[in-house]
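Take a look at the structure below.
The values are calculated or read from the model by the stated rules, or taken from the named source; none is laboratory data. Worth saying up front: this structure is predicted, and the values here are computed from it rather than measured. Cβ placement follows ideal geometry from the backbone for every residue including glycine, while neighbour counts extend to all protein chains displayed. Accessible surface areas use protein heavy atoms only, side chains included; no ligands, DNA or RNA. Shrake-Rupley method; radii C 1.70, N 1.55, O 1.52, S 1.80 Å.
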Amino acid sequence: MSVLVREPFAFVDALERARARGDRVGLVLTMGALHEGHIALVHEARARGAGYVALSIFVNPLQFGPTEDFARYPRTLGEDLARCREARVDLVFAPEREVLVPDGMQAFVEVPAIAAPLEGRFRPGHFRGVATIVTKLFALGGPCVAPFGRKDYQQWRLVERLARDLFPHVEVVGVRTVREDDGLAMSSRNRYLDATQRERARGIVLGLRAAHAAFAAGERRVERLERCAREPVEGRFDAIDYVAVVDPESLQPLEGGLVRGRALLAVAARLGTTRLIDNTVLGEEPPP
Ligand code: PAF
């Protein structure tokens, strides 16, 4: 049975009591509309020794731009609680907006170098919103293991850096993307897609696979790998924000336009008003 709390002190108190009993705490941060990808984070926390797992649900207004989907973002608390019960989540923290984003808020957190490329170019302010709310939840949550999905690769890297710099008592773990049968990365935003868009959405995974095939055949030129990944997306999506092969740690361009070792291939593209992102690490992961 997952307990639902809305008050920050109840959340802090429950986690402190779990630690006092000797449990390691797992903290899974989400915006709700839970799917198998989120549940994989719960399992990862358990696998990392968490005897007590808390999951937060908060659709964070700070990380949405003025023309983005904050208003229509799915809010499915009843279903989310049922999934949490099934996954044996111990506590669900679903605070009201004012708890995490008080009116006239003035204090924000930035991780500028990791926030700037890729998503940062298309979603100004997004990572400031993410870093600020993650900071607040880490501060309330205390020492814990915090798994993050690698589907949001740049977010995972940014949070890893945030923890390294400000929360040494939080262990951030990146968890492999969970995919549908046809390869589409699970995302709360997939539910926006109609049947035709859903079919066209496969373009991204086809692009990732094409780049993996080229990489396996020895291609190391960034421009060629990007071209391979781009082609199936171009034919199916309405607009491409980026298809980029970059350094998997810094997310910066690769020296000399060549992959030496591993590289992140990241894609963001739009189908109508829905924006999808996905990625893979060439030279590290199997093709998706
Ligand atoms: O990945 C998400 O759902 C959000 O960006 C997060 C980490 C919960 C911060 O609002």
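What is the number of the single condition among (1) open to solvent by 20 Å² or more (accessible area, probe 1.4 Å); (2) farther than 21 Å from Phe93 by Cβ; (3) touching a residue at least 12 places away in the same chain (Cβ under 8 Å) that Gln154 does not meet?
(1)
Just give me the residues in segment 231-253 being surrounded by 19 or more Cβ atoms within 10 Å (Cβ to Cβ) and more than 19 Å from Arg200 (Cβ to Cβ), in sequence order.
Passing the criteria: Ala244, Val245, Val246, Pro248, Leu251.
If I filter segment 188-218 down to residues being open to solvent by less than 40 Å² (accessible area, probe 1.4 Å) and over 21 Å from the mean Cα position of the chain (by Cα), which single residue comes out as nearest to Pro232 (Cα to Cα)?
Ala210
Among the helices (runs of 4 or more DSSP H) confined wholly to segment 108-215, which include 1 or more residues that are more than 28 Å from Thr67 (Cα to Cα)?
In segment 108-215, 126-141, 153-166 are the helices (runs of 4 or more DSSP H) which contain 1 or more residues that are more than 28 Å from Thr67 (Cα to Cα).
Which residues, taken from segment 114-134, are crowded, with 19+ Cβ neighbours inside 10 Å and either at pLDDT below 95 or within 12 Å of the ligand (Cβ to nearest atom) (or both)?
Answer for segment 114-134, where residues must be crowded, with 19+ Cβ neighbours inside 10 Å and either at pLDDT below 95 or within 12 Å of the ligand (Cβ to nearest atom) (or both): Glu119, Arg123, His126, Phe127, Gly129, Val130, Ala131, Thr132, Ile133, Val134.
In the set Gly261, Gly283, which member is surrounded by 13 or more Cβ atoms within 10 Å (Cβ to Cβ) and at positive phi?
Going through Gly261, Gly283 in turn, just one is surrounded by 13 or more Cβ atoms within 10 Å (Cβ to Cβ) and at positive phi: Gly283.
Each row is one residue, and each column tells you yes or no for (1) under 16 Å from Gly120 (Cβ atoms); (2) surrounded by fewer than 21 Cβ atoms within 10 Å (Cβ to Cβ).
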position: Ala139; (1), (2): no, yes
position: Cys144; (1), (2): no, no
position: Phe148; (1), (2): no, no
position: Leu162; (1), (2): yes, no
position: Val173; (1), (2): no, yes
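Residues that are over 25 Å from His126 (Cβ atoms) and within 16 Å of the ligand (Cβ to nearest atom): does segment 17-36 have at least one?
Yes, segment 17-36 contains at least one residue that is over 25 Å from His126 (Cβ atoms) and within 16 Å of the ligand (Cβ to nearest atom).
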